[in-house]
Every structure is written in C-alpha cells, then in structure tokens.
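The values are calculated or read from the model by the stated rules, or taken from the named source; none is laboratory data. A quick note: this is a predicted structure, and the numbers were derived from the prediction, not measured. Because the Cβ atoms are built from the backbone with ideal geometry, glycine has one as well, and the counts that use them run over all protein chains shown.
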Amino acid sequence: MTDTLPRTEAPAGKQPRTGSPFGLNYLGFTSAMGFSSLGDAAWYIALTWTLARSVSPSTAGALLALASLPRMVALLGGGVLADRKGPRAVMVATDLLRFAVMLGAAGVIAVAGPSVPLLFAVAAVVALLSAFFIPASGAVKPLLLEERDLVRGNALYMLGLRGGQAAGGPIGAWLLGVGGVASIAVANAVGYLLSATGSWRVRYLREPAPPAERKPFWPQLVDGLRYLRHERGILLPVALIALTELACAPPVNLGLVILSGRLGDGAGGAGLLLTAYTVGSVLSAVISMALPPLKRGGLVLLVDTALAGGCLLGIGLVHSLWPAFTAYALLGLVAGQSGVVLVSLTQRRTAAEVRGRVMAVLSLVIYVSAPLANLVYGVLLGPVGFAGTMAGFAALAFAATVITAVTPGLRSVRLD
C-alpha cells in the first residue's frame, strides 16, 4: 500500500486553484468526509438503539466503551503507517476496508438479524480501521493546501464533519424505521465508498516527504515520539489542545445533563444546551473560513482560552436556562476556533516526514481526554459541588491562557 496515486505538480511561483480550500479539489475531499461522518452517525444510532433494547444500560455503555478501545490502542501505529506509505493511500485503503466490513455486516444482518455480538464485532473492527484513517487525514491536509490556507481548510473540514454528524442522527432514525439496521449498514458502506473516492481523486500540491531512513515499526514509532518531545514549538500546542479538551469535555458530556436537572428543565433542557454548543462550534468554523486569524493567531488563543474559562465559571453559577444556553454557545464558538488554530499551527510546524505520527499523538490526546476528564468530573462533583467542579475545569482553560501569555512563540504566533 504505497502512495502511488495520480499527482498534479504546482507550477513554480504560482498557487494553483486546487490549493485553495474552496477549490473543487479540496471541496470534493471535505464533502466526501462529510458523507462518511453522516454514515457513522447513522450507524451509531442503530448500534445504540439495538444495544439499549437487548442489554442493560450499564452493559450497553461498557460494550460501547470496549468497542472504541481498538482505535485508541492502534492510533500511534496508524501514524507510523501514514508516514511510511503516504496519507492518501492509507485513507483510501482503510475506507475500502470499512466499506467491505459494513457491506458484509449488512448482508449478515439481513439474513440473521442484528445480534449484539455481531454489532459489537463490527464496531470494534471499524474503530480499529479508523485508527489508521484519522492520523492520515490530519497529515494529508498540509499536502493539499498552502500553509496560509490551513486554518480555512481545517475549518471547512470540521464543518463537513459536523454537518454530516448533525444530519446522520435524524437520517439514521428514519432509516431505522424504514429499513432496519441493515439499511443503515448499507448507507454507512456507501459513505465509506464516497470517502475513498474523494481521497483517491485529490491531487497533492506538494509531495509527501519519504522517510529519511527505512526502520522497523517500533524504532520508527519511538523516533516520532522523541521528535515530539524535543520540539517545544509543537509540544506546547499539543499540550494546549489537551488542556482545552480536558476543560471542555465534561461540561458538554455530563455537565449539561446535571445543569439541566438542577434548573428543572429535564432532558429537553439538556438537548437545548447541546444544540447551543453545536451551533457555537459550527459558527466558529464559518468565522474561521470567512475571517481566518492569520496575523493574530496568538491573540485568538489568548482571548478564546480566557473566554472558555469564563464560560465554564459562568455555567457553574447560572440559575436559569437561557444564560446557560448563551454560555454553552459561546463555549462552542471559542473552543472550536482555538482548536482550529492549534491544529493548524501543529500541522505547519511539524516536519513532513513525521507528520502522521504527530497527528496520531494529537488524536490520541483528544480521544483520551474526554473519558479521563469525565471520570475526574464525576469524582469531584460529590465533595466539591457543581459550581466548585466547574471552577476546577475553568482553571484548566485559564492555565492554557497563562501558557500562551508567557510563551513568545505562542503569544505572537502568525499563520499567514
């Protein structure tokens, strides 16, 4: 699986249209990713619905958590493979494999029905394959875009993913009623096929750097980790992403449910708060595309992390739904914008030959942060109370502000 797909070279001294995040090259790529995320969201509806009807809630939660473990375990290996074989080839191969898995699952479900062991096995295999796709998708964008377009490109990519996820829920529920779980498996398979096609059709603006030295898997993995440890200009943005993920994940996962209960608004209130956060996230992507913070990246990080801390403090003190709605919308806006800036900065600063491994570490940080922070949130809630717990997580966001303020390479960063 080497990256020997068609390539188009850019004329010297001229930025081609395909390098623009709004050109057909990149737009087709992000559209395909959106269809893939739509299928994933629809499949998650089918998976959770079937588990909820077949086993106890605690067992269903345990199975969902276990099914996601292969992704976290294999992410670092996925980064190595992206650097060795080229990100585009890895993305195409993993999407085709996921297509085959989902199509096979659809056939088995149509014949034998959606059993829990089958759905668990399919979810685990798809999670394993996604561990190879995720770092490759992070490493490929700098090969498709000019450096100054990375912020817009990442924002557009995120908008495509969020749009697919938002549409996948209701579409999945509709398909479940019309054609059952098998129809959703087919729809997800089609999404993966579209994603593979979109990845295959993209044209590199620049060639991926070949590995400087062909090494066995483990030494190559260690080299990537050692590179990240010694490159402070990359390690600090990754640390800031970890802090913001740790700060914001529990209020969005558990916090909105607890807050809605405290305010007496029940499940409907929790849904509104989640909608507010999602709207803020989508708005951040739109703003980053229309007005990318190219010359003021450091200022955006300072303001956004400080506002995130303020929102978290405010959420712990509100006494009615609509101030909470406003705080969650603003939290989604500033967290989304700072995330796009930090990911773009990491991609720019990382050497091309290790970009897949760095993106794998970054993805692992994001995936591990949420369950870890949720665990700490639950432990603190009893002895400290809701307001005190929210203040503790706000302190993490403020720590990111302080790190940015005292680090010249972050405080004055430019992305133009």
Report task. Say whether the condition of being over 30 Å from G409 (Cβ atoms) and without any contact (Cβ under 8 Å) to a residue 40 or more places away in the chain is met by at least one residue in the stretch 300-318. Result -> yes
Report task. Kindly list, by first and then second residue, each pair from a residue in the stretch 364-393 that is in a helix (DSSP H, G or I) to a residue that is surrounded by 15 or more Cβ atoms within 10 Å (Cβ to Cβ) and of a type in the set (F, W, Y), limited to pairs with Cβ atoms under 7 Å and residues at least 6 apart or on different chains. Result -> T389/Y377
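Criterion first (in a helix (DSSP H, G or I), at pLDDT 90 or above and surrounded by 22 or more Cβ atoms within 10 Å (Cβ to Cβ)) does A242 satisfy it?
no
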Report summary line: Of the listed residues (T326, T350), the one being within 20 Å of the chain's Cα centre (by Cα) and among the polar types (S, T, N, Q) is T350
Report summary line: Across (1) modelled with pLDDT under 80; (2) closer than 20 Å to L150 by Cα; (3) part of a helix (DSSP H, G or I), P21 clears everything bar (3)
**Report entry** Sole residue being touching a helix residue (DSSP H, G or I) at 6+ places or on another chain (Cβ under 6 Å), assigned by TED's automatic domain parsing to the domain that holds F29, assigned to a helix (DSSP H, G or I) and closer than 17 Å to A67 by Cα, chosen from A127, A110, A121, A106
**Finding:** A127
Report task. Go through the residues of the stretch 193-204 one by one and say whether even a single one is β-branched (V, I, T) and touching an Asp or Glu at 6+ places or on another chain (Cβ under 9 Å). Result -> yes
Query - Count - residues of the stretch 271-292 that are buried (at least 17 other Cβ atoms within 10 Å of the Cβ) and touching a Lys or Arg at 6+ places or on another chain (Cβ under 9 Å) - result: 7
Requested in this report: Could you please find all residues in the stretch 367-379 being crowded, with 18+ Cβ neighbours inside 10 Å and of a type outside the set (F, W, Y)?
Outcome: S369, A373
Report summary line: Over the stretch 77-118, the set of residues of a type in the set (A, V, I, L, M), buried (at least 19 other Cβ atoms within 10 Å of the Cβ) and under 23 Å from the mean Cα position of the chain (by Cα) is V80, L81, A82, A89, V90, M91, V92, A93, V101, M102
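Have a look at V334, V354 and point out the one that is in contact with a Ser or Thr (Cβ under 8 Å, 6 or more places away or on another chain), surrounded by 24 or more Cβ atoms within 10 Å (Cβ to Cβ) and assigned to a helix (DSSP H, G or I).
V334
When you scan the stretch 176-193, do you find a residue that is assigned to a helix (DSSP H, G or I) and under 30 Å from E353 (Cβ atoms), even just one?
Here is the first cut: in the stretch 176-193, the residues assigned to a helix (DSSP H, G or I) are 176-193.
Still in the running and under 30 Å from E353 (Cβ atoms): 192.
Looking for residues that are assigned to a helix (DSSP H, G or I) and under 30 Å from E353 (Cβ atoms), one finds at least one in the stretch 176-193, hence yes.
Yes or no, residue by residue, for (1) over 21 Å from G79 (Cβ atoms); (2) in contact with a helix residue (DSSP H, G or I) (Cβ under 6 Å, 6 or more places away or on another chain); (3) of a type outside the set (K, R):
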{"site": "R296", "(1), (2), (3)": "yes, no, no"}
{"site": "L307", "(1), (2), (3)": "yes, yes, yes"}
{"site": "L312", "(1), (2), (3)": "yes, yes, yes"}
{"site": "S320", "(1), (2), (3)": "yes, no, yes"}
{"site": "P323", "(1), (2), (3)": "yes, no, yes"}
{"site": "T346", "(1), (2), (3)": "no, yes, yes"}
{"site": "A351", "(1), (2), (3)": "no, no, yes"}
{"site": "V354", "(1), (2), (3)": "no, yes, yes"}
{"site": "L362", "(1), (2), (3)": "no, yes, yes"}
**Report entry** Condition check for V318: out of contact with any His (no Cβ under 7 Å at 6 or more places or on another chain), in a loop (DSSP other than H, G, I, E, B) and within 24 Å of A373 (Cβ to Cβ)
**Finding:** yes
Query raised in the report: Looking only at residues in the stretch 176-199 that are surrounded by 21 or more Cβ atoms within 10 Å (Cβ to Cβ) and farther than 18 Å from F133 by Cα, which one is farthest from the chain's Cα centre (by Cα)?
Result: V181
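Here is a yes/no grid of residues against (1) β-branched (V, I, T); (2) more than 19 Å from G138 (Cα to Cα):
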residue: L283; (1), (2): no, yes
residue: K295; (1), (2): no, yes
residue: L313; (1), (2): no, yes
residue: P323; (1), (2): no, yes
residue: L331; (1), (2): no, yes
residue: A335; (1), (2): no, no
residue: S338; (1), (2): no, no
residue: E353; (1), (2): no, no
residue: V358; (1), (2): yes, no
Query - Unique residue being free of Cβ contacts under 8 Å to residues at least 40 places away in the same chain and either polar (S, T, N, Q) or under 16 Å from L302 (Cβ atoms) (or both) when the list is V406, V340 - result: V406
